[in-house]
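A short worksheet on the structure shown next.
The values are calculated or read from the model by the stated rules, or taken from the named source; none is laboratory data. The structure presented is a predicted model; accordingly, all values stated were derived computationally and were not measured. Cβ: placed from backbone, ideal geometry, glycine included. Neighbour counts: every protein chain shown. Remember, those area values only see protein heavy atoms, side chains included, never the ligands or the DNA or RNA. Shrake-Rupley method; radii C 1.70, N 1.55, O 1.52, S 1.80 Å.
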Amino acid sequence: MFYDFQKIEKKWQKHWLENKSFKTLNDESLPKCYILDMFPYPSAEGLHVGHIEGYAASDIYARYKRMQGYNVLVPMGFDAFGLPAEQYAIKTGNHPEEFTYKNIENFKRQIIESGKGIDWDRQIETCNPEFYKWTQWIFTKLYEHGLAEIKEIDVNWCEELGTVLANDEIELVDGLMVSERGGYPVTKRAMKQWVLKITKYAERLLNDLDLLDWSESLKEIQRNWIGKSTGATITFDVANTNESFEIFTTRPDTLYGVSYCVLAPEHPLVLRITSPSEYEEVKNYIDLTKQKSDLDRELDKEKTGVFTGAFAVHPLTGENVPIWISDYVLTSYGTGAVMAVPAHDTRDYEFATKFGLDIIPVIDSDIDGEAYTGDGIHINSPLFDGLDIEEANKVIIRYLETNNLGYQTDNYKLRDWVFSRQRYWGEPFPVLFSDDGEIKVLKEEELPLLLPKLDNIKPSGTGESPLANAHEWLYVEIDGKQYRRETNTMPQLAGSSWYYIGYILKNEHGMIPLNSIEAKEEIAKWLPVDLYIGGKEHAVGHLLYSRFWHKFLYDIGLVQSPEPFKKLVNQGMILGDNGVKMSKSLGNVVNPDDIVKSHGADSLRLYEMFMGPLESDKPWNTNSLDGSKRFLDRVYRMYHQFEITNENVKELDYVYHQTIKKVTEDYEKLSFNTAISQMMIFVNETYKLEKIDREKAINFLKLLNPIAPHLTEELNQVILNNEEEILYSKWPTYDPQMIVLAEVEMVFQVNGRVRAKERVPRDLSEAELKQIAFGLENVKAHLDGLNVLKVIIIPNKLVNIVAK
């Protein structure tokens with residue numbers, strides 16, 4: 001007997017949608033539980049089975065908490081701005097808005113057909129003016145508080161795409177940068193960009209990781225990205241000029257070992273100090289460096305560089321040391337200049353060895369063949385000879401500060417957030433520029449600044465976005481003064497940095513204004529998010545930027561929690577059946593639509609949760625999917641074919657209460673695979689008896705419901721004739737006394753070898769156990785002719801008779 005999953009699933013999905021069954025309750029007496037999924041970008045391909053894994057996991061937890069009496073908020077929205085939609089629009093000649101909303105409808109259909117319960121009144125799209133009005137408003141507040149500014153910085157410029165690309169939008173081919181989309185060349189280019197000063201929050205972003213229930217591995221990724229290091233900033237003068245530069249070092253104790261300095265090729269001082277004879281070679285090297293990514297430069301094992309012809313004055317000895325440029329030094333870290341101590345730094349040693357530069361040891365050690373980077377006693381260092389690193393650092397920093405040569409400082413790898421994109425499909429900046437340099441931000445009543453409709457959204461060719469062609473929109477006159485709008489748009493990460501707040505403000509009537517008292521009350525009621533599920537690939541993008549925005553909103557009094565996401569779980573990837581990442585090019589992508597049609601949504605949900613731990617990567621296996629469908633068929637037959645009695649079936653008491661305990665504990669910690677295993681044990685035990693009492697029949701459906709909601713609701717309504725839906729029923733509880741077995745299986749051994757197994761009453765005395773042991777036929781047979789030396793007893797487990 002097999003159940004008609006297509007008919008049953010369509011029935012319940014229609015029922016839930018029409019009755020808004022997952023609408024968040026307006027009941028402040030209930031404890032809240034805000035469960036969030038990383039919202040998807042609505043691509044033309046639709047959802048894949050990897051999306052369903054995370055969405056099913058959060059839905060299971062939501063259904064479970066709802067039955068436990070929580071007021072559950074589970075919203076969904078769409079990260080709808082961004083470059084992919086714009087590129088597709090350019091290729092097809094369509095406007096990105098049209099197919100974006102078409103894709104959203106497809107995504108929504110797929111989510112509904114997966115059985116996921118969503119409060120659809122709270123749906124948001126980042127490209128909706130109702131939403132991005134407040135993205136723009138947050139930007140104006142960042143500007144007012146000095147956290148947004150225009151700077152000329154080196155960016156990853158792609159001529160073909162006509163835009164600046166983020167690091168994660170770039171790939172390396174033969175050591176040179178190309179765009180992830182299209183494989184177009186990318187070079188470094190100085191451009192005026194809006195920058196958000198996330199570095200002002202570096203220390204708080206680092207320290208507050210301790211407040212979060214996140215995996216240590218994810219926290220460590222953010223710690224490394226923020227990259228705090230303590231050291232000293234030291235000033236070097238350029239010989240025979242009025243120029244100077246600063247370096248940051250974590251090892252000021254090695255200052256006497258400096259034999260040369262290295263500037264990043266982009267350092268503004270380079271071309272000013274380069275000698276005429278070296279100028280052409282230096283300029284060519286700079287141009288070559290512009291084609292490399294920062295990551296490639298850091299990892300490049302082959303050291304390259306060019307001498308500038310200039311020298312720096314050593315701040316302690318007064319000697320001249322040569323100034324080189326090399327791409328292993330980055331302007332994005334420290335000051336873009338380093339003092340090179342080849343005796344005690346591996347990279348400096350490799351560079352000095354290649355170019356024949358001096359190597360001066362300042363720690364008593366063997367530097368034959370490699371740099372020595374450990375601790376030791378200082379030598380060749382008149383100020384602190386004989387001291388170890390810690391003591392020498394104290395002495396040199398005190399000396400530098402006393403003589404105005406440097407100072408102790410903390411440094412961070414974290415860079416300010418380049419917030420401009422030269423593209424059309426993004427949030428317009430609410431900013432006006434006048435010819436005399438005035439920058440004017442729009443007021444709240446002037447927002448949203450709508451994105452104008454354009455027939456041609458191809459790159460402008462000038463480095464500006466296509467909005468530079470929207471002449472009617474571009475120029476504004478206010479009080480007789482001419483202004484020009486900002487033509488850049490915000491990055492895709494703008495909307496995702498606060499969308500979890502947007503859900504709280506959204507309802508069937510629209511959006512509550514973010515700056516209202518009502519918004520503040522609602523936000524205080526729901527934040528922080530109790531459970532956030534999504535991929536680990538967002539560790540240093542979305543998850544870092546949203547923490548930054550949240551802390552800013554906390555500082556201006558809009559949110560009351562210092563962090564947005566209390567608990568975060570990264571689901572693993574679902575790999576192709578060959579164990580590699582799914583991709584269209586490999587032909588191993590599994591479309592959930594196909595599985596819902598062939599096996600049903602409940603089977604898909606059950607299978608994906610049974611594949612293994614939620615956080616692990618797992619290969620797809622269609623045979624195992626068939627097994628999940630067979631299990632649900634067994635459950636269906638159990639309710640159709642077995643006797644359902646009003647009298648307690650005592651034989652199931654132990655496994656029934658054990659199952660409630662196990663499933664409850666496993667759901668709480670998102671261990672869905674082991675919860676399913678326990679429910680399979682219960683079904684097997686029921687099959688042995690071919691009967692079940694009504695209470696156990698109802699409560700087992702409740703346990704299975706979060707994973708297989710359609711089938712369980714159907715059996716509850718049609719077979720058990722319950723009017724109350726499982727969705728809002730009460731979660732079962734277990735009796736601790738019932739999971740203590742009256743009998744246990746004891747092992748009886750002679751000289752450590754098992755000679756018998758017997759079920760005996762629990763907690764028998766040693767005398768009683770000895771009496772049973774010596775009465776067992778097989779034990780007696782193996783003791784024949786032997787003298788018993790001792791009897792070892794482990795209560796409720798084992799009796800071992802030692803005999804000779």
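Return only the number of the condition from (1) open to solvent by less than 30 Å² (accessible area, probe 1.4 Å); (2) of a type in the set (A, V, I, L, M, F, W, C); (3) modelled with pLDDT of 95 or more; (4) in a loop (DSSP other than H, G, I, E, B) that Ile457 does not satisfy.
Against the list (1) open to solvent by less than 30 Å² (accessible area, probe 1.4 Å); (2) of a type in the set (A, V, I, L, M, F, W, C); (3) modelled with pLDDT of 95 or more; (4) in a loop (DSSP other than H, G, I, E, B), Ile457 comes up short only on (3).
Only residues that are of a type outside the set (D, E, K, R), surrounded by fewer than 18 Cβ atoms within 10 Å (Cβ to Cβ) and in a strand (DSSP E or B): list them for segment 171-185, please.
Leu172, Val173, Leu176, Pro185
Checking the structure you have, find out if any residue of segment 513-520 is outside any loop (DSSP other than H, G, I, E, B), modelled with pLDDT under 95 and open to solvent by less than 30 Å² (accessible area, probe 1.4 Å).
Within segment 513-520, none of the residues are outside any loop (DSSP other than H, G, I, E, B), modelled with pLDDT under 95 and open to solvent by less than 30 Å² (accessible area, probe 1.4 Å).
Among the residues of segment 2-18, is any within 28 Å of Val529 (Cβ to Cβ) and part of a loop (DSSP other than H, G, I, E, B)?
Scanning segment 2-18 turns up no residue that is within 28 Å of Val529 (Cβ to Cβ) and part of a loop (DSSP other than H, G, I, E, B).
State the number of residues belonging to segment 566-595 that are more than 28 Å from Leu543 (Cα to Cα), of a type in the set (A, V, I, L, M, F, W, C) and free of Cβ contacts under 8 Å to residues at least 12 places away in the same chain.
Number of matching residues: 1.
Which of the numbered conditions does Ile574 fail, given that it passes all the others? Conditions: (1) modelled with pLDDT under 95; (2) in contact with a Lys or Arg (Cβ under 9 Å, 6 or more places away or on another chain); (3) surrounded by fewer than 19 Cβ atoms within 10 Å (Cβ to Cβ).
Going through the list (1) modelled with pLDDT under 95; (2) in contact with a Lys or Arg (Cβ under 9 Å, 6 or more places away or on another chain); (3) surrounded by fewer than 19 Cβ atoms within 10 Å (Cβ to Cβ), Ile574 breaks only (3).
Among the strands (runs of 3 or more DSSP E) lying completely within segment 697-804, list those that include at least 1 residues that are touching a strand residue (DSSP E or B) at 6+ places or on another chain (Cβ under 8 Å), of a type in the set (Asp, Glu) and without any contact (Cβ under 8 Å) to a residue 12 or more places away in the chain.
none
Taking segment 399-419 as the search range and keeping residues that are under 15 Å from Pro252 (Cα atoms) and hydrophobic (A, V, I, L, M, F, W, C), which one is most open to solvent (accessible area, probe 1.4 Å)?
For segment 399-419, the residue satisfying everything is Leu405.
Here's the yes/no breakdown for (1) touching a Pro at 6+ places or on another chain (Cβ under 8 Å); (2) modelled with pLDDT of 95 or more; (3) surrounded by 15 or more Cβ atoms within 10 Å (Cβ to Cβ):
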{"residue": "Thr233", "(1), (2), (3)": "no, yes, yes"}
{"residue": "Phe236", "(1), (2), (3)": "yes, yes, yes"}
{"residue": "Arg251", "(1), (2), (3)": "no, yes, yes"}
{"residue": "Ser259", "(1), (2), (3)": "yes, yes, yes"}
{"residue": "Lys292", "(1), (2), (3)": "no, no, yes"}
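Take residues that are within 23 Å of the chain's Cα centre (by Cα) and tell me which of the helices (runs of 4 or more DSSP H) falling wholly in segment 587-645 contain 3 or more.
601-610
State the number of residues belonging to segment 17-54 that are open to solvent by 10 Å² or more (accessible area, probe 1.4 Å) and of a type outside the set (Ser, Thr, Tyr).
Within segment 17-54, the subset open to solvent by 10 Å² or more (accessible area, probe 1.4 Å) is 17-32, 38-39, 41, 43-45, 48, 50-51.
Add one more test, that the residue is of a type outside the set (Ser, Thr, Tyr), and what stays is 17-20, 22-23, 25-28, 30-32, 38-39, 44-45, 48, 50-51.
Total meeting the criteria: 20.
Let me confirm something: among Ile90, Ile104, which residue is open to solvent by 10 Å² or more (accessible area, probe 1.4 Å) and either in contact (Cβ under 8 Å) with a residue 12 or more places away in the chain or outside any strand (DSSP E or B) (or both)? Steps first, please.
Details: Ile104 fails: open to solvent by 10 Å² or more (accessible area, probe 1.4 Å).
It is Ile90.
Please indicate, with yes or no, whether at least one residue in segment 115-124 is at negative phi, among the hydrophobic types (A, V, I, L, M, F, W, C) and surrounded by fewer than 19 Cβ atoms within 10 Å (Cβ to Cβ). First the steps, then the outcome.
Within segment 115-124, the first condition is being at negative phi, and the residues that meet it are 116-124.
Filter once more, so that each one left must be among the hydrophobic types (A, V, I, L, M, F, W, C): 118, 120, 124.
Cutting the leftovers down to surrounded by fewer than 19 Cβ atoms within 10 Å (Cβ to Cβ) gives us 120.
Checked against the condition, which is being at negative phi, among the hydrophobic types (A, V, I, L, M, F, W, C) and surrounded by fewer than 19 Cβ atoms within 10 Å (Cβ to Cβ), segment 115-124 yields at least one hit.
Quick one: which of Phe700, Phe642 is open to solvent by less than 20 Å² (accessible area, probe 1.4 Å) and not hydroxyl-bearing (Ser, Thr, Tyr)?
Phe700
Check off (1) at pLDDT 95 or above; (2) hydrophobic (A, V, I, L, M, F, W, C); (3) closer than 30 Å to Ser460 by Cα for Ala85 and give me the number that stays unchecked.
Exception for Ala85: condition (1).
Select from segment 354-376 the residues that are open to solvent by 80 Å² or more (accessible area, probe 1.4 Å) and touching a residue at least 12 places away in the same chain (Cβ under 8 Å) and write down the one among them that is nearest to Phe311 (Cα to Cα). Show your work before the answer.
Initially, segment 354-376 is screened for residues open to solvent by 80 Å² or more (accessible area, probe 1.4 Å), giving 354, 358, 364, 366, 368, 370, 373, 375.
Checking which are touching a residue at least 12 places away in the same chain (Cβ under 8 Å) leaves us with 354, 358, 364, 370, 373, 375.
Details: Lys354: 19, Asp358: 14, Asp364: 28, Glu370: 26, Thr373: 26, Asp375: 30 Å.
Once the filter is applied, the top-ranked residue is Asp358.
Conditions tested, residue by residue: (1) acidic (Asp, Glu); (2) in contact with a Ser or Thr (Cβ under 7 Å, 6 or more places away or on another chain); (3) over 21 Å from Ile234 (Cα atoms).
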residue: Arg272; (1), (2), (3): no, no, no
residue: Pro276; (1), (2), (3): no, no, yes
residue: Ser293; (1), (2), (3): no, no, yes
residue: Thr304; (1), (2), (3): no, yes, yes
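Can you go through Lys188, Lys219, Lys192, Lys200 and tell me which one is in contact with an Asp or Glu (Cβ under 6 Å, 6 or more places away or on another chain) and surrounded by 14 or more Cβ atoms within 10 Å (Cβ to Cβ)?
Step by step, each of Lys188, Lys219, Lys192, Lys200 is checked, and only Lys188 is in contact with an Asp or Glu (Cβ under 6 Å, 6 or more places away or on another chain) and surrounded by 14 or more Cβ atoms within 10 Å (Cβ to Cβ).
Within segment 590-623, track down each residue that is loosely packed, with under 14 Cβ neighbours inside 10 Å and within 29 Å of Glu690 (Cα to Cα).
Matches in segment 590-623: Asn623 only.
How many residues are within 30 Å of Thr664 (Cβ to Cβ), surrounded by 14 or more Cβ atoms within 10 Å (Cβ to Cβ) and of a type in the set (Gly, Ala, Ser) if we restrict to segment 719-764?
Here the count works out to 1.
Which of the residues that make up segment 488-512 are assigned to a strand (DSSP E or B) and closer than 18 Å to Phe39 by Cβ?
Lys506, Asn507, Met511
Assigned to a helix (DSSP H, G or I), of a type in the set (S, T, N, Q) and open to solvent by 20 Å² or more (accessible area, probe 1.4 Å): which single residue out of Asn240, Asn284 fits that description?
Exactly one residue qualifies, and that residue is Asn284.
Can Gln771 be described as more than 56 Å from the chain's Cα centre (by Cα), open to solvent by 70 Å² or more (accessible area, probe 1.4 Å) and modelled with pLDDT of 90 or more? It would help to see each step written out before you state the result.
On the way: more than 56 Å from the chain's Cα centre (by Cα): yes; open to solvent by 70 Å² or more (accessible area, probe 1.4 Å): yes; modelled with pLDDT of 90 or more: yes.
Yes.
Can you tell me which residue within segment 433-451, out of those that are surrounded by 15 or more Cβ atoms within 10 Å (Cβ to Cβ) and either among the aliphatic types (A, V, I, L, M) or modelled with pLDDT under 95 (or both), is nearest to Leu196 (Cα to Cα)?
Out of the qualifying residues, it is Val441.
In this structure, is Ile111 hydrophobic (A, V, I, L, M, F, W, C) and either in a loop (DSSP other than H, G, I, E, B) or open to solvent by 20 Å² or more (accessible area, probe 1.4 Å) (or both)?
It is false that Ile111 is hydrophobic (A, V, I, L, M, F, W, C) and either in a loop (DSSP other than H, G, I, E, B) or open to solvent by 20 Å² or more (accessible area, probe 1.4 Å) (or both).
Consider Leu689 carefully, then state whether it is open to solvent by 60 Å² or more (accessible area, probe 1.4 Å) and touching a residue at least 12 places away in the same chain (Cβ under 8 Å).
So Leu689 fits the description; yes.
Would you point out the residue of segment 130-153, among those that are outside any helix (DSSP H, G or I) and of a type outside the set (A, V, I, L, M, F, W, C), that is least open to solvent (accessible area, probe 1.4 Å)?
Among them, the one singled out is Gly146.
Looking at Leu161, Leu209, which one is touching a residue at least 12 places away in the same chain (Cβ under 8 Å), surrounded by 17 or more Cβ atoms within 10 Å (Cβ to Cβ), assigned to a loop (DSSP other than H, G, I, E, B) and at negative phi?
Among Leu161, Leu209, only Leu161 is touching a residue at least 12 places away in the same chain (Cβ under 8 Å), surrounded by 17 or more Cβ atoms within 10 Å (Cβ to Cβ), assigned to a loop (DSSP other than H, G, I, E, B) and at negative phi.
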